[in-house]
Amino acid sequence: MSLRSPLGRVLGLGSAKDGTSHWWAQRVSAVALVPLTVWFLISLLALPSLDYATVRIWLSFPLTGLLAVLLVAVLTYHSYLGTSVVVEDYVHSAGTKLASLLLLRFLYVLVGGASIFSVLRIALRT
Amino acid sequence: MPRPISPHLQIYRWQIGNSLSILHRLTGIALAFGLFALCYWLVALAGGQRSYAVAVKLLASPLGLLGLIGWTFAFTYHLLNGVRHLFWDAGYGFERTQRHASGWFAVLGALVLTLAVWLLIWHASP
């Protein structure tokens, strides 16, 4: 006999069967971001200038392009995980919460997609 | 049904622990906006010389510089405090003195790193 109410079952509330996956993904992406972000910051600081030609040439190196794609991908994912928890914590009405989370996800896919596409446009232009 | 939430901010005694926890979330939200700015910078860079010049002008404006300096602190703090969290997740650093020492290390370390980065930029700029 199930102890869950019919209403609870219909709404799908209760165990989502993925207890720690969100928490774990946040940590794994955090660990990956330590070297990626530090590399990005130090590389930019080490460039002789941040003018158009210098940054374009820097990003057109294969290793730079690869690391930049990984950086924006993991950064977008980690940031999405974090801000979605903020929305879940402070937006209480079910409808607004669902709409905000949906909007947030679309926004992050757009930001991540546009960033990766831009790096590839620069890196693959020979 | 309105249920009591914890911790109750009105009666909660402010201390370094909860202040830094709140600061971690605030810097995370600030860095989400920083990610959008990074995305814009990459899109502008891929778009060509003219769009990049507009982006650089925006970022080098007083408001843009304020944002960049703020994001530098947000990033270095979120990085150092994030590593602090990872140590906790691994089961280390829970003693009162360790918690306080690592907390101060994260805040002061972020301030020092922010200062160092911008002194470096200031010295390098013609």
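The values are calculated or read from the model by the stated rules, or taken from the named source; none is laboratory data. All figures in this text were calculated on a predicted structure; none of them were measured in a lab. So basically every Cβ, Gly included, is an ideal-geometry build from the backbone, and we count neighbours across all protein chains shown.
The listed residues are B:GLY64, B:GLY17, and the only one of them that is without any contact (Cβ under 8 Å) to a residue 12 or more places away in the chain and over 30 Å from A:ALA94 (Cβ atoms) turns out to be B:GLY64. Scanning region B:87-121 for residues that are more than 30 Å from A:PRO48 (Cβ to Cβ) and either aromatic (Phe, Trp, Tyr) or within 11 Å of another protein chain (Cβ to nearest Cβ) (or both) returns B:PHE87, B:TRP88, B:ASP89, B:ALA90, B:TYR92, B:PHE94, B:TRP104, B:PHE105. In the set A:THR96, A:THR54, A:THR64, only one residue is touching a Pro at 6+ places or on another chain (Cβ under 8 Å) and not in a loop (DSSP other than H, G, I, E, B); that residue is A:THR54.
Please work out if A:PHE61 is of a type outside the set (D, E, K, R), surrounded by fewer than 12 Cβ atoms within 10 Å (Cβ to Cβ) and at pLDDT 95 or above. Judged against the criteria, A:PHE61 is not a match. Regarding region A:40-59, can at least one residue be identified that is over 18 Å from B:ALA55 (Cβ atoms) and aromatic (Phe, Trp, Tyr)? No; the residues of region A:40-59 include none that is over 18 Å from B:ALA55 (Cβ atoms) and aromatic (Phe, Trp, Tyr).
One line per residue, one yes/no per condition, for (1) surrounded by fewer than 18 Cβ atoms within 10 Å (Cβ to Cβ); (2) closer than 21 Å to B:LEU23 by Cα; (3) among the aliphatic types (A, V, I, L, M):
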{"residue": "B:TYR52", "(1), (2), (3)": "no, no, no"}
{"residue": "B:LEU59", "(1), (2), (3)": "yes, no, yes"}
{"residue": "B:PRO62", "(1), (2), (3)": "yes, no, no"}
{"residue": "B:LEU66", "(1), (2), (3)": "yes, yes, yes"}
{"residue": "B:PHE73", "(1), (2), (3)": "no, yes, no"}
{"residue": "B:LEU80", "(1), (2), (3)": "no, yes, yes"}
{"residue": "B:ALA90", "(1), (2), (3)": "yes, no, yes"}
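Being farther than 24 Å from B:LEU68 by Cβ and within 9 Å of chain B (Cβ to nearest Cβ) is true of A:LEU120.
Exactly one residue among B:ARG84, B:ARG50, B:ARG13 is more than 10 Å from chain A (Cβ to nearest Cβ) and more than 22 Å from the chain's Cα centre (by Cα), and that residue is B:ARG13. Scanning region A:29-43 for residues that are under 26 Å from B:ILE121 (Cα atoms), facing chain B (nearest Cβ under 10 Å), crowded, with 17+ Cβ neighbours inside 10 Å and of a type outside the set (S, T, N, Q) turns up A:LEU33, A:PHE40.
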